[in-house]
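What follows is a single structure, written as structure tokens, with notes after it.
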Amino acid sequence: MTTRFPDDPIYRGFDAPGRVEANVFDLEVDGRIPAELDGTFFRVAPVPNWPPKLGNGLFFDGDGMVGAFRFKDGHVDFSSRYVRTDKFVAERKARRALFGAYRNPFTDDPAVAGKIRSTANTNVIVHHGLLFALKEDSPPVAMRPDTLETIGNYRFGGKMTSETFTAHPKIDPVNGELIAFGYSARGVATTDIAYYVIDRGGNVVHEAWLNAPRAAMVHDFAVTENYVVFPISSVGTDLERLKAGKTAFHWLPNVEQIYGVLPRRGGGKDIRWFTVPTNGFQGHTINAWDDGHKVYVDMPVANDNVFWFFPEDSGRVPDPKSLRQVLTRWTFDLSAKSSTPKAQTIASLMAEFPHIDDRYATRPYRHAFFGIYDPTASYDFARCGPPPANVFFNGLMRLDVMTGEMRRWLAGPTSGIQEPVFAPRSPNAPEGDGYLILLVNRLDELRSDLIVIDTQDFEHGPIAVAHLPLRLRNGIHGNWVPATAMEKHSDA
Ligand code: V55
Ligand code: FE
């Protein structure tokens, strides 16, 4: 059995699967790591352990490798571990891939039939003292935040019966609640959505079941003080295509955008569906809030299918140059009869991986941070070769959503960036006053650096560069977790 990955750009260059689990104590630093940063930047990347069972795979299907950067007293220590998912354990024993195509259990080896398929590769959060590695097709996988040791599949004391749990739950900064949902909650391609509110101690305190108008990907959602909003995407799925061994998802070219608005403690019958006649590709929620009657949701919406690896049935994928994205503010007016939300443009550009000052999550806010792709920025093809096929962002943006003011920083002609997270300067610092922490891909050296940017001196670039002696493949999501949020839990 060969262990060579296919000759496919998704497994080449910067995004070759590194598969290294590491401990690097006290990274070498140029500049100054702020001494007041006391906490951990957790992030997760898909890093496939095995060549794909069917000969080809997707970036989204790699095994989750969690990285932790611990900041303390002006120093930063790094460690990384694969999440020991059921998939990881079974495949390591077999020394080959047993799970088949992305999100398609019909393509699996019979030896793993019925097993939880989580790759745990999409996001990592800390709640009630546990670290959760998340994949939207499965329950969370709990880990110990201090050692990155895997505890196992987690169902909140058995109270979460959904088969799935989003990679984008939200934490209410006021009461510590974890607000979450699972789609395809009663199995692949079902329209069931399970909705959960989990208190700060990890207890399920509210549950509702909804029936979505179509079976489609629901990657992110929005939470306010009093409401939640589910964008039901135009990336559809169905059982027939799964059984036929086609890609699990495909772009639905001629459909409406759908958004479901539910009171935060509402039941299934309380959902109100809104539609937008023009199709769109919904990106990540920036933030959301409400004033009692109106619910506001800020998010990027693109004019066409961003997921080129899930083409529409005709085979068409848009030319990347034809993709246009608008940072949109939706207003859902619950006191009006109209079932179409109002759309306002905050800014028009390719900006994604939004992070805000989490102390303002679910409430009115002003500052947001993004990765951007600036097509006019210079790129050193001679030294770097083609940019990574999976993800390529070449700069950062700080956006004031009140005034529309944008400040940018470009990573330079030999670098790409990964998702930035925000850490406040101090617990009582004003909104957005603090640091951005992120990985920079050195595409010429095939090596990673961790950088820290002061948000008050944004265009200046890094105040600290922590050098890693290895390459960390493009990741998906991560979070800054202050040391105070890491208190021990009885399960851990
Ligand atoms: C996304 C990522 C995923 C996935 C579904 O960015 C959606 C969106 C890393 O895996 O499985
Ligand atoms: Fe995401």
The pairs in Lys72/Lys115; Lys269/Lys294; Lys135/Lys243; Lys246/Lys321; Lys72/Lys170; Lys159/Lys243 lying past 29 Å Cα-Cα in this model are Lys72/Lys115; Lys159/Lys243
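Between rounded, prolate and oblate, where does the stretch 184-279 land on the alpha carbon gyration tensor, with a ≥ b ≥ c its root eigenvalues, rounded for a/c under 1.5, else prolate if a/b exceeds b/c? Can you show the working numbers first?
Details: a/c = 2.51, a/b = 1.52, b/c = 1.66.
Verdict is oblate for the stretch 184-279.
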Subtracting the Cα-Cα distance of Asp199 and Ala336 from 0.36 nm times their residue separation yields 46.1 nm
Full extension between Thr484 and Glu445 adds, at 0.36 nm per residue less the Cα distance, a length in nm of 10.4 nm
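Leaving ligands, DNA and RNA out of it, report the carbon-plus-sulfur percent of the accessible area of the stretch 167-264 at a 1.4 Å probe.
Solvent-exposed carbon and sulfur of the stretch 167-264 make up 48 percent of the total.
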The relative contact order of the stretch 349-457, taking Cα pairs under 8 Å that sit 6 or more residues apart, comes to a percentage of 24 percent
The simple spin-label model distance between Thr278 and Trp308, using points 7 Å out along Cα→Cβ, in nm, is 2.4 nm
Mean accessible area per residue over the chain (1.4 angstrom probe, all protein chains present, square angstrom) is 40 Å²
Expected vector for the stretch 254-269, Karplus 3J(HN,Hα) from phi with 6.51, -1.76, 1.60 and θ = phi - 60°, integer Hz, x for Gly and Pro, equals 10, 10, 7, 6, 10, 10, x, 10, 10, x, 4, 10, x, x, x, 6
Pseudo-spin-label distance Asn428 to Arg324, built 7 Å along Cα→Cβ, given in nm, is 4.8 nm
In terms of the alpha carbon gyration tensor, root eigenvalues a ≥ b ≥ c, rounded if a/c is under 1.5 and otherwise prolate when a/b exceeds b/c or oblate, the stretch 52-208 is oblate
Label model pair Ala16, Arg4: point-to-point distance (7 angstrom along the Cα→beta-carbon line) in nm is 1.3 nm
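Is it possible to state the helix-based mean residue ellipticity at 222 nm for the chain, with each DSSP H run of 4+ residues giving -39500 (n - 2.57), the sum divided by total residues, to the nearest 500 deg cm²/dmol? What is it?
Here the helix-only value at 222 nm equals -1000 deg cm²/dmol.
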Taking a ≥ b ≥ c as the square roots of the Cα gyration tensor eigenvalues, with a/c under 1.5 meaning rounded and otherwise prolate when a/b beats b/c or oblate if not, the stretch 221-350 comes out oblate
Residue span Arg214 to Glu459: 0.36 nm per residue of separation minus Cα-Cα distance leaves a gain in nm of 83.8 nm
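Mind giving me the FRET efficiency for Asp73 and Asn153? R0 is 41 Å, r the Cβ-Cβ distance, nearest 0.05 is fine.
Computed FRET efficiency for Asp73 and Asn153: 0.70.
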In whole percent, the Cα-Cα distances of the stretch 307-393 spread across 5 Å bins from 0 upward as 3, 9, 13, 17, 17, 16, 13, 7, 4, 1, 1, 0
Expressed in angstrom and rounded, the centroid-to-centroid distance over alpha carbons for the stretch 138-192 and the stretch 90-115 is 22 Å
1/(1 + (r/R0)^6) with r = Cβ-Cβ of Glu240 and His206, R0 = 35 Å, i.e. FRET efficiency to nearest 0.05, evaluates to 0.50
Applied in sequence order to the stretch 318-331, the curve 6.51 cos²θ - 1.76 cosθ + 1.60 (Karplus, θ = phi - 60°) yields integer Hz couplings, x standing for Gly and Pro, of x, 5, x, 5, 8, 6, 10, 10, 10, 6, 10, 9, 8, 10
Applied in sequence order to the stretch 473-480, the curve 6.51 cos²θ - 1.76 cosθ + 1.60 (Karplus, θ = phi - 60°) yields integer Hz couplings, x standing for Gly and Pro, of 3, 3, x, 10, 10, x, 8, 8
Once amide hydrogens are built 1.01 Å from N within the peptide plane, the residues lying 5 or more places from Ala101 or on another chain with amide H under 5 Å from its amide H are Thr107
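The values are calculated or read from the model by the stated rules, or taken from the named source; none is laboratory data. On a predicted model such as this, the values are computed, not experimentally measured, just so you know. Here the Cβ is made from the backbone with ideal geometry for all residues, glycine too, and neighbour counts use every protein chain on show. Areas reflect the complete protein model, heavy atoms only, side chains present, ligands, DNA and RNA absent. Shrake-Rupley method; radii C 1.70, N 1.55, O 1.52, S 1.80 Å.
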